[in-house]
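Okay, structure first, notes after.
Coordinate-derived values only; no laboratory data. What you are looking at is a predicted structure, and each value in this text was computed from that prediction instead of being measured. Quick reminder, even Gly has a Cβ in these numbers, built from the backbone with ideal geometry, and neighbours come from all protein chains shown.
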Amino acid sequence: MKYLNFINEQIRSTIEKNDNLVLFGQNISAGSCLGGLTKNLKVNENSKIINSTNSENSLCGFGFGMMMNNVSSVFFMKQLDFLLLGIDHLVNTYNIIRSVKKDLKSSFTIMPIIVDNGFQGPQSSFNNFGDICSIARIQGYVISTKFEAKEIISKKLFSPGFRIIGLSQRLFKEEIMDLEPVYSNDNLSLIQYKQGKDVTIVCFNFSLKHGLELSEECEKEEISSSLFNVTSVTPISWDKILLDAKKTNNLVIIDDSKSENLSCDNLASYIAQNDVINTTIVKKVIDENWLGANSDQMEIDMANIIKKIRN
Amino acid sequence: MNISDNDVLENILEVRIAQLLINEEYKEGKFKIPIHLGFGHESISVAVSRIMQNDDKLILTHRNAAYNLARVRKLKPVLNEYLLKSEGMNGGKIGSMNLLNSELGVIYSSSILGNNFGVAVGVAMAERILDKSNITIILAGDGAIEEGSFHESLLMLKSLELSSLVIIENNEWSMSTRISERRHNIDLEKFSASMDVKYCKLSGNDPIEYIEKLKELRTESIEKKTPILIEVNVSTLGEWILKNDENPNGKQINYHAGPTPGVNLEDGNFIIKNENIDPVYVIKKNNDIDIQNVGEAILRKFRDEMV
């Protein structure tokens, strides 16, 4: 099944199990329904679907206001760039709520599509999900696999409190990765899909596909790999990864976001402080044409990484 | 004047005297936090408090002191919050600009200009989803209507048919600039008409008149499922004269925040200005009330609370 269809299915099935909801966003039940993401949404009688005004700032406040007043909502957003208009609420409104409302019974989730396929030009290409989340230590999830889609959407979409769940536009038309996890932490922020003994591969943002390809290339070279996906950018315990990397003594970190302060830097600095491990960091090359209408795909030199692992 | 009117007038004096006491504490340097006092805002704050019923919600700004005092009718919980004591209204954790009192309907206050509009739309929407027939009241100043969120949120309130009173306190000032010094005039009546939102103007600081009008508007808003925009003229009192080397002849400073040397409790006079811009002057002028005696009783009550 395609990534887009599977996520739509998970959203619809989670919504059907909940009452007193407000689902809102621009054209979420009109036209293409955000490219199909919000197609065929159905809510119970006491819930509401709103094709909202183009008022991103107030729409963010809207979600927080409902959450404070015991109604859960989801703000579906066509592209992450629009969320820049709501940053005041992500920081200031959210700070008030979490400092004084300790007994929240409702939720507010923003689900933006991260336009990471490129060719958009200088605008509409804000592929910096980690930056948005770190601005106020917001719980932010990215979804890459079937397991993540099922677990994160069913357990987090209406869990009391606030979070952002980011989706990759680049993956929309691709088959969704179907991997069985060997480990998942309680908060679903760290998922391990493979256990190996020669190299530890850790993926950030939407780079799991690259990590999986690297793992498969390694297997051809008889190098066995552990494969982790970090789905959340809020501080998480790196101990599980450190333990694995100490055994393999080889760590490859991959992050395909465009941020100057990558989420993976946190892990890299933690590893550097704790042990000397042969570490390779794979990230996007940001050249002088980065503002142009270019592909947003990350290029990976598999052969060179494998060579480093062997050394 | 009837008995409940007397209580309204006492409520006005409570808000004034509580602020006078806070100002005196402030002058003595007892607060680490910034406080935006609302001398001159007593009539509208008491009127708003008086029309609130059961589950009505009130969304405030950083200048929320008068409203919170009008709701709670005590000084100690507010003062303790300002002193960051755990017995404070919000456990001494959030200071003055975001002061809340959820039990009395004050569920959100924001120190960010225009931030509370969008939140208020959400609060009002939740009331609709939960099938409650009450109202959400939103306060903001004339500075906040310069923010885009004002336009966005009024449009949302109207489009979503949400019962709400949007009250704009027009005190002519945003920090140190008058409206005329920073922007073209905004005709709120025409602005609201463009969205088919009813507009109403309040002025004169008569709390009884304000209550009657706001009650009517509350009922209309609930019945018609619509926002109503209310512009109220207020004067934030407490201006003072700054004399220093740069201003040897004295410079008039408009009150924005902090302690005001322009208002002194030891004067024994609860009226700050003998003009209609002062709600306490207005209630004395329009009603048979012994401001001095009633005020001194309130002062004693609050001082006992503070011991």
Kindly provide the GluC sites (Glu not before Pro) of the range B:25-59 that DSSP labels as loop, not H, G, I, E or B, and whose Cβ sees at most 14 other Cβ atoms within 10 Å. B:Glu28
How do B:Met97, B:Met175, A:Met68 rank when sorted from fewest to most other Cβ atoms within 10 Å of their own Cβ? B:Met175, B:Met97, A:Met68
For chain A, max minus min Cα coordinate along each principal axis, in Å, sorted largest first? 61, 42, 35
Amide H of A:Thr280 versus every other amide H placed in the peptide plane: which residues, excluding those fewer than 5 positions away on the same chain, fall under 5 Å? A:Leu251, A:Val252, A:Ile253
Please report, for the Cα atoms of the range B:3-306, the Rg to one decimal and the Dmax as a whole number; what are they, in angstrom? 18.8, 62
Residue-wise HN-Hα coupling along the range A:218-232, computed from phi with Karplus coefficients 6.51, -1.76, 1.60 (Hz; x: Gly, Pro): 4, 4, 4, 9, 6, 10, 9, 10, 8, 10, 10, 10, 8, 8, 10
Enter the angle in degrees (range 0 to 90, nearest 10) between the Cα long axis of helix B:148-159 and the first principal axis of the Cα atoms of chain B, meaning the one along which they spread out most. 50
Can you tell me the length gained on complete extension of the stretch A:Asn5 to A:Glu174, counting 0.36 nm per residue apart and subtracting the Cα distance? 59.8 nm
Name the residue farthest towards the positive end of the dipole of the protein assembly as shown from the options B:Leu139, B:Gly250, B:Val72, assuming +1 on Cβ of Lys and Arg, -1 on Cβ of Asp and Glu, about the Cα centre. B:Val72
Sorted by chain and then number, the residues having a modelled amide H within less than 5 Å of the amide H of B:Lys198, at least 5 places away or on another chain, are B:Leu229
In a shell of Cβ-Cβ distance under 10 Å around B:Arg16, excluding B:Arg16 itself, what net charge do Lys and Arg (+1) and Asp and Glu (-1) give? -3
Considering only DSSP beta bridges with both partners in the protein assembly as shown, what is the antiparallel share in %, to the nearest 5? 20
With the crude spin-label approximation of a point 7 Å out along Cα→Cβ, what separation in nm comes out for B:Glu146 versus B:Asp245? 3.2
Find, among the chymotrypsin sites (Phe, Trp or Tyr not before Pro) in the range A:39-137, those assigned to loop by DSSP (not H, G, I, E, B) with at most 16 other beta-carbon atoms within 10 angstrom. A:Phe119
Positive end of the dipole of chain A, charges at C-beta (+1 Lys, Arg; -1 Asp, Glu), about the Cα centre: which of A:Met302, A:Val43, A:Pro112 has its Cα farthest in that direction? A:Val43
From the phi angles alone, apply the Karplus equation (6.51, -1.76, 1.60; θ = phi - 60°) to the range A:25-37 and give each ³J(HN,Hα) in whole Hz, x where the residue is Gly or Pro. x, 6, 6, 6, 10, 9, x, 7, 6, 6, x, x, 4
Efficiency of FRET between A:Asn44 and B:Asn254 - r from beta-carbon atoms, R0 51 angstrom, step 0.05: 0.45
Summing -39500 (n - 2.57) over every DSSP H run of at least 4 residues in the protein assembly as shown and dividing by its residue count gives a helix-only mean residue ellipticity at 222 nm, to the nearest 500 deg cm²/dmol, of -11000 deg cm²/dmol
Using a cut-off of 11 Å between beta-carbons, work out the net charge of the residues near A:Ser257 (Lys and Arg +1, Asp and Glu -1, A:Ser257 not included). -4
Taking every alpha carbon pair in the protein assembly as shown, what does the distance histogram look like in 20 angstrom bins from 0, in percent? 19, 43, 27, 11, 1
The ³J(HN,Hα) series, computed from each phi in the range B:67-82 with the Karplus coefficients 6.51, -1.76 and 1.60 at θ = phi - 60°, rounded to the nearest Hz and given as x for glycine or proline, is 5, 5, 5, 5, 6, 7, 6, 9, 9, 4, x, 6, 4, 5, 5, 4
When DSSP beta bridges are limited to those with both residues in the range A:183-310, what percentage is antiparallel, rounded to the nearest 5? 25
Listing B:Asp245, B:Asp196 by rising number of other beta-carbon atoms within 10 angstrom, fewest first, gives B:Asp245, B:Asp196
Taking a virtual spin label 7 Å from the Cα of A:Asp186 along the C-beta vector, which residues in the range A:228-247 bring their backbone nitrogen under 13 Å of it? A:237
Using amide H atoms built in the peptide plane, which far-off residues or other-chain residues are under 5 Å from B:Ile137 H to H? B:Lys57, B:Leu58, B:Ile59, B:Leu165
At 4 °C in a medium of viscosity 1.567 mPa s, the range A:3-168 has a Stokes-Einstein diffusion coefficient, with Rh taken as the Kirkwood radius over alpha carbon pairs, in µm² per second, of 82
Identify the GluC sites (Glu not before Pro) of the range B:199-293 meeting these criteria: DSSP loop state and at most 10 other C-beta atoms within 10 Å of the C-beta. B:Glu246
Between B:Asp196 and A:Ser32, how many nm apart are label points set 7 Å from Cα along the C-beta direction? 3.2
Distance from the Cα centre of the range A:252-292 to that of the range A:36-54, in angstrom? 38
Just for chain B, what percent of DSSP beta bridges are antiparallel, to the closest 5? 20
What the 10 Å binned alpha carbon P(r) of the range A:155-301 shows, as percent of pairs per bin from 0, is 10, 40, 36, 13, 1
